[in-house]
1. Could you pull out the residue among A:Ser41, A:Ser115, A:Ser51 that is more than 26 Å from B:Arg56 (Cα to Cα), modelled with pLDDT under 95 and open to solvent by 60 Å² or more (accessible area, probe 1.4 Å)?
2. Scan the range A:15-38 residue by residue and report those that are open to solvent by 50 Å² or more (accessible area, probe 1.4 Å) and either of a type in the set (A, V, I, L, M) or within 10 Å of chain B (Cβ to nearest Cβ) (or both).
3. Taking A:Ser58 as the residue in question, decide whether it is open to solvent by less than 70 Å² (accessible area, probe 1.4 Å) and more than 17 Å from B:Gln81 (Cβ to Cβ).
4. Which of the residues that make up the range A:42-60 are without any contact (Cβ under 8 Å) to a residue 12 or more places away in the chain and assigned to a helix (DSSP H, G or I)?
5. What's the number of the only condition in (1) at pLDDT 90 or above; (2) farther than 30 Å from B:Gln94 by Cβ; (3) not in a helix (DSSP H, G or I) that A:Gln81 fails to meet?
6. Please report, ordered by residue number, the helices (runs of 4 or more DSSP H) entirely within the range B:3-106 with at least 3 residues that are facing chain A (nearest Cβ under 10 Å) and modelled with pLDDT of 90 or more.
7. Which residues, counting only those in the range A:64-95, are in contact with a Leu (Cβ under 8 Å, 6 or more places away or on another chain) and either under 17 Å from B:Gln16 (Cα atoms) or touching a residue at least 60 places away in the same chain (Cβ under 8 Å) (or both)?
8. Condition (residue is within 16 Å of B:Glu78 (Cα to Cα) and open to solvent by less than 10 Å² (accessible area, probe 1.4 Å)) applied to the range A:72-86: is it met by at least one residue?
Amino acid sequence: MATDRVLCGSSSEIERGEEQEEQQQEHDSEAKLLHDRFRLSAISIAESEASKNGMEISKVLVSCIADLAYKFTEGLAKDLQLFAQHANRKCVNMEDVILSAHRNEHVSSYLRTFSNDLKARDPSSERKRKKEAKKNDKATI
Amino acid sequence: MGEAAFDFYLHFFLLQPLIHAILKRVWTARTLERERIEANEALDSEAGAGTSKKSRPTSVNGNALKLSCELVRVFVTEAVQRAAAVAEAEGSTQIEPSHLEFILPQLLLDF
């Protein structure tokens with residue numbers, strides 16, 4: 001039972017507890033670093049977009065948008081994992097990303113176009129397509 | 001270098017490792033959580049004799065990562081552009097948090 005495990009805590013369990021706390025602190029400082037680096041990128045994108053309209057964007061707002069985008073990315077991670085798992089895969093692919101944008105037609109069709117461009121630019125996928133085409137030819141003969 | 005080319009390099013070289021790191025953090029946390037729950041269940045049931053299999057955390061395909069970066073970039077762009085439209089309608093040249101508040105509900109519904 002859970003209570004039994006807590007009551008007869010051995011010394012190894014206490015050590016593991018301390019180790020876990022250290023790991024947690026490292027984890028938190030890594031998170032903060034990642035958060036800050038992400039914020040810088042988001043600020044850069046936001047300011048470039050604002051200047052395209054000949055406008056300026058307040059610092060507070062940029063920070064807000066950066067935090068929002070970070071949370072969005074975390075939610076995206078969860079969705080992508082769920083979609084890949086649902087398809088019995090361990091590796092997230094482009095279809096999963098396109099599916100995660102299902103709420104807005106414009107966004108999903110834009111991503112689909114972008115993904116077709118990526119596939120077209122990828123030389124290794126061309127080789128795969130040629131191989132598959134050859135296989136199909138053999139099958140139809 | 002044109003502005004379009006700058007945007008291209010910006011998100012491919014700067015965003016990719018960042019987005020990848022955030023994705024991996026969430027995935028390893030969720031995988032560890034699932035392992036912990038499964039390990040507790042095995043202990044409770046007393047039937048699981050063998051050690052729990054360490055399942056590989058989720059990984060991402062290269063093109064899917066690029067696509068995810070584009071999605072995040074579009075999110076930030078939409079937020080700024082929609083807020084800018086509100087600011088412009090008001091006649092101001094500075095985009096303020098109040099402008100974002102106006103478009104935030106629809107933004108969150110769209111993404």
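1. Numbers: A:Ser41 fails: open to solvent by 60 Å² or more (accessible area, probe 1.4 Å); A:Ser115 fails: open to solvent by 60 Å² or more (accessible area, probe 1.4 Å).
From the options A:Ser41, A:Ser115, A:Ser51, the qualifying one is A:Ser51.
2. If we filter the range A:15-38 for residues that are open to solvent by 50 Å² or more (accessible area, probe 1.4 Å), which is where we start, we get A:15-16, A:18-30, A:32-33, A:35-37.
If the condition is that a residue be open to solvent by 50 Å² or more (accessible area, probe 1.4 Å) and either of a type in the set (A, V, I, L, M) or within 10 Å of chain B (Cβ to nearest Cβ) (or both), then A:His27, A:Glu30, A:Leu33, A:His35, A:Arg37 are the ones that fit.
3. On the way: open to solvent by less than 70 Å² (accessible area, probe 1.4 Å): yes; more than 17 Å from B:Gln81 (Cβ to Cβ): no.
Criteria not met by A:Ser58.
4. First, the residues of the range A:42-60 that are without any contact (Cβ under 8 Å) to a residue 12 or more places away in the chain: A:44-45, A:48-60.
Residues satisfying the conditions are A:Ser44, A:Ile45, A:Ser48, A:Glu49, A:Ala50, A:Ser51, A:Lys52, A:Lys59, A:Val60.
5. Every listed condition holds for A:Gln81 apart from (3).
6. Values: elements: B:3-9, B:16-45, B:62-90.
Passing ranges, in order: B:16-45, B:62-90.
7. Those that are in contact with a Leu (Cβ under 8 Å, 6 or more places away or on another chain) and either under 17 Å from B:Gln16 (Cα atoms) or touching a residue at least 60 places away in the same chain (Cβ under 8 Å) (or both): A:Thr73, A:Leu76, A:Ala77, A:Leu80, A:Val92, A:Met94.
8. Step one: list which residues in the range A:72-86 are within 16 Å of B:Glu78 (Cα to Cα), which gives A:72-73.
Checking the rest, the ones that are also open to solvent by less than 10 Å² (accessible area, probe 1.4 Å) come to A:73.
Yes, the range A:72-86 has at least one match.
The values are calculated or read from the model by the stated rules, or taken from the named source; none is laboratory data. This structure is a prediction, so every number in the text was calculated from the model and none was measured. We place every Cβ from the backbone using ideal geometry, glycine too, and count neighbours over all the protein chains shown. We work out accessible area using only protein heavy atoms, side chains counted, and drop any ligands, DNA or RNA first. Shrake-Rupley method; radii C 1.70, N 1.55, O 1.52, S 1.80 Å.
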